[in-house]
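Working notes for the structure below.
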Ligand SMILES: Cc1cc2nc3c(=O)[nH]c(=O)nc-3n(C[C@H](O)[C@H](O)[C@H](O)COP(=O)(O)OP(=O)(O)OC[C@H]3O[C@@H](n4cnc5c(N)ncnc54)[C@H](O)[C@@H]3O)c2cc1C
């Protein structure tokens, strides 16, 4: 359907084969029960796909970000939802880039094999939202431990993770010269922490997405679980965002193709007024427009990934890819729902489920407005608004 279908055919075919064992009925049933797609995540892990970005020396497959993005695209294009496990692919990037040799040697091989799941990253807080430098969760050093107090919200996959990357303030905001300083990141071993200073409360939400409120009360973390230098955590988190943005863009592109495939087939089959609805230009044009935008977003995704793989700056491209792809998949979702008429609302058609799932990407992991603000101020050099 698209020229990139011919790129990375082995990866595409392998993911399609794996996903064929998890058809729409599987995800529909999991969605209805608000359950976790354990068997699907296990299959991806065992086949090594979630270790795509871990270098071979640590037991991963050392693939490029372009290839990793094709994996995510194909999962969503097959009707699945990478959000159940995408953290396992990219959260380890912080450890890989900034962890000590001991930390990398002790965690990465186990993450690559799936023995340990590092699916969670705790950044967002209820009272500060996107204004991350104002986070109130603190980590105070006492001897060989840090003591963590505070609260996080919307922290995903905690119940299906062994480890979590946590961002906390180690120096009060009032005592730093730059507001982005004084925050640090830690590896939290959730197996020890939950029930011992960390309370996890699930948030029921619009999609079948395991996400939680976290309450920290004197949680003790061994000092050796600090990643990199104390006070540099915000910069470390930012370093990882470009890969995350590009991978989420790829998921939206997969969703976009799924919606277009689905509505194309339906528009050819559904006969109203004695002809297929797809024969009407009023039906054709929104579908064609969504396709154009998914294709354009895909090009920007490849550009962002290629720059990243070449070690070049890609903040603008990764953010633009994420925004274009989220917009295009949402446009495709709307066309797909609209032209299924009433049937678009029936769970058995899967359109309403995918519609809910792809809507998330207008808000998380970064909202469209904040991407526009980044482009306006950091790319176009317009005056800072905050
Ligand atoms: C299902 C789900 C899973 C998530 N998983 C995780 C996770 O695993 N880890 C994690 O740390 N976080 C997670 N998040 C949080 C997510 O990253 C945030 O919800 C998102 O970044 C937006 O932050 P907020 O909800 O605090 O919105 P706010 O910051 O309160 O913003 C609300 C709205 O106002 C707009 N806005 C705010 N300031 C401005 C401005 N200056 N100019 C223009 N518009 C503005 C925003 O664009 C947004 O639309 C998740 C969220 C959801 C819904």
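Only the coordinates and a few stated rules stand behind these numbers; no lab work does. Predicted model only: the values in this text are computed from it and were never measured. When we count neighbours, we look across all protein chains shown, and the Cβ atoms used for this are built from the backbone with ideal geometry, even at glycine.
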Residues in the stretch 329-345 that a label on residue 285 would reach, taking backbone N under 18 Å of a point 7 Å out along Cα→Cβ: 331-332, 334-336, 338-339
Cα shape, the stretch 3-113, gyration tensor, a/c 1.5 rule: oblate
Mean Cα-pair separation over length for the chain, i.e. relative contact order, pairs under 8 Å, 6 or more apart, %: 15
Gained length - residue 196 relative to residue 268, 0.36 nm times residue gap less alpha-carbon distance: 20.2 nm
Angle between the chain longest axis and helix 9-20 axis [Cα atoms, degrees, rounded to 10]: 90
Among 301, 245, 16, residue whose mean-square fluctuation peaks in a GNM of the chain (springs only between Cα atoms under 10 Å): 16
Between helix 233-269 and the chain: long-axis angle, C-alpha atoms, 0 to 90°, nearest 10: 20
Most mobile of 100, 78, 184 in a GNM of the chain (Cα contacts under 10 Å): 100
Nearest 10 degrees, 0 to 90: helix 315-339 Cα axis against the chain principal axis: 40
Orientation-averaged projected area, Cα convex hull of the stretch 233-386 (nm²): 10.7
Linear extension gain, residue 299 paired with residue 203, 0.36 nm per residue minus alpha-carbon span: 31.0 nm
Residue 385-residue 292 pseudo-label distance in nm [points 7 Å out on the Cα-to-Cβ vector]: 2.7
Antiparallel bridge percentage (DSSP; both residues within the stretch 120-231; nearest 5): 85
Gaussian network model of the chain, Cα within-10 Å springs - most flexible of 60, 99, 311: 311
Inter-centroid distance (Cα atoms) of the stretch 357-386 relative to the stretch 258-286, Å: 34
Residue-averaged 222 nm ellipticity for the chain, from DSSP H runs of 4+ at -39500 (n - 2.57), nearest 500: -15000 deg cm²/dmol
Alpha-carbon centroids, the stretch 2-79 and the stretch 334-355: separation in whole Å: 24
